[in-house]
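Structure, as structure tokens:
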Amino acid sequence: MKKFLATVPRQTITGGNIYHAVDNPRLQYDAENHFPVLALINGYAQPGDSIVVYAITADDAHCRQNLLELRDAVLSLCQQLGVTCRVDEVAIPFDESLETHLSTFTQLITLVDDHDTLFADITYGTKPTPILQMLALNFAYRAKIDVSIGCVAYGEKNHRTGCCRMFDVTALVLMDEIVNNLAKMKVPDPSDSIKKLLGLAL
């Protein structure tokens, strides 16, 4: 099953954005919206698919309202695409303690089943949240059977110009394993090796 992971923003959201895909045309979504995960769904969910969106939600009034808006936006898009979907809340406490982070990580990895394809929007959340998402993706990829990482995306908004861009950062998931292996081999300057293994131009 295709499963999409996103963090619900805690701040009040006003106005809509169109995020312009920088390096992955599948992430181009031309409708104004507040939630970059919609670009992932639009680009990767196919008619007839059954998907789940897991929304990491803190116990906060703004976050609760944004969750309702996210759910409505996802259900509307899925209806347009001919996709069966549901939005499940992943409730976390409104704090930054290590215990909370470990609990969040545990919740995330229990959501993944064998043979899933995973997608993640790491735009919103406090600074540790994207780290937890990436750790969960890495664990699921290595520990589960036939789990694949479809795409990890980040939506950027330049508040000075109003320009919004969408980046495919899936390579960062792959880099974790590459870096571990290069470290074991004691490679003194891993930059060139990483670029070659990821197929990037030097």
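Some points to look at:
- Among the residues listed as Ala120, Ala201, the single one being part of a loop (DSSP other than H, G, I, E, B), out of contact with any His (no Cβ under 9 Å at 6 or more places or on another chain) and either open to solvent by 40 Å² or more (accessible area, probe 1.4 Å) or modelled with pLDDT of 90 or more (or both): Ala201
- Residues that are assigned to a helix (DSSP H, G or I) and either open to solvent by less than 70 Å² (accessible area, probe 1.4 Å) or out of contact with any strand residue (DSSP E or B) (no Cβ under 9 Å at 6 or more places or on another chain) (or both) within segment 145-189 comprise Ala171, Val173, Met175, Asp176, Glu177, Ile178, Val179, Asn180, Asn181, Leu182, Ala183, Lys184, listed in sequence order.
- Filtered residue count, segment 67-105, keeping only those that are in a helix (DSSP H, G or I) and either over 20 Å from Lys3 (Cβ atoms) or open to solvent by 60 Å² or more (accessible area, probe 1.4 Å) (or both): 12
- Verdict on Ala6 being free of Cβ contacts under 8 Å to residues at least 12 places away in the same chain and of a type outside the set (Lys, Arg): no
- Output for segment 27-55, where each listed residue is in a strand (DSSP E or B), modelled with pLDDT of 95 or more and surrounded by 15 or more Cβ atoms within 10 Å (Cβ to Cβ): Ile51, Val52, Val53, Tyr54, Ala55
- Long-range neighbours under 7 Å by Cβ, at least six apart or interchain, first residue touching a residue at least 12 places away in the same chain (Cβ under 8 Å) within segment 124-137, second assigned to a helix (DSSP H, G or I) and among the β-branched types (Val, Ile, Thr): Leu132/Thr104; Met134/Val173; Ala136/Ile109; Leu137/Val173
- Residue ID - farthest from Ser50 (Cα to Cα), chosen from residues in segment 123-137 that are polar (S, T, N, Q) and crowded, with 16+ Cβ neighbours inside 10 Å: Thr129
- Taking first residues from segment 13-25 that are in contact (Cβ under 8 Å) with a residue 24 or more places away in the chain and partners that are among the hydroxyl-bearing types (Ser, Thr, Tyr) and open to solvent by less than 50 Å² (accessible area, probe 1.4 Å), the Cβ contacts under 7 Å between residues at least 6 apart in sequence or on separate chains come to Tyr19/Tyr29.
- Condition met for Asp59 (in contact (Cβ under 8 Å) with a residue 40 or more places away in the chain, farther than 14 Å from Thr123 by Cα and either surrounded by 17 or more Cβ atoms within 10 Å (Cβ to Cβ) or not basic (Lys, Arg) (or both)): no
- Residue match in segment 36-45 (condition: touching a residue at least 60 places away in the same chain (Cβ under 8 Å), aromatic (Phe, Trp, Tyr), touching a helix residue (DSSP H, G or I) at 6+ places or on another chain (Cβ under 7 Å) and under 21 Å from Thr126 (Cβ atoms)): no
- Only residues that are among the small types (Gly, Ala, Ser) and part of a strand (DSSP E or B) were counted across segment 1-26, and they come to 2.
The values are calculated or read from the model by the stated rules, or taken from the named source; none is laboratory data. Keep in mind the model is a prediction, meaning the values are calculated, not measured. Heads up, the Cβs are rebuilt from the backbone with ideal geometry, glycines too, and the neighbour counts pull from every protein chain shown. Just so you know, the surface numbers come from the protein's heavy atoms only, side chains and all, with ligands and any DNA or RNA stripped out. Shrake-Rupley method; radii C 1.70, N 1.55, O 1.52, S 1.80 Å.
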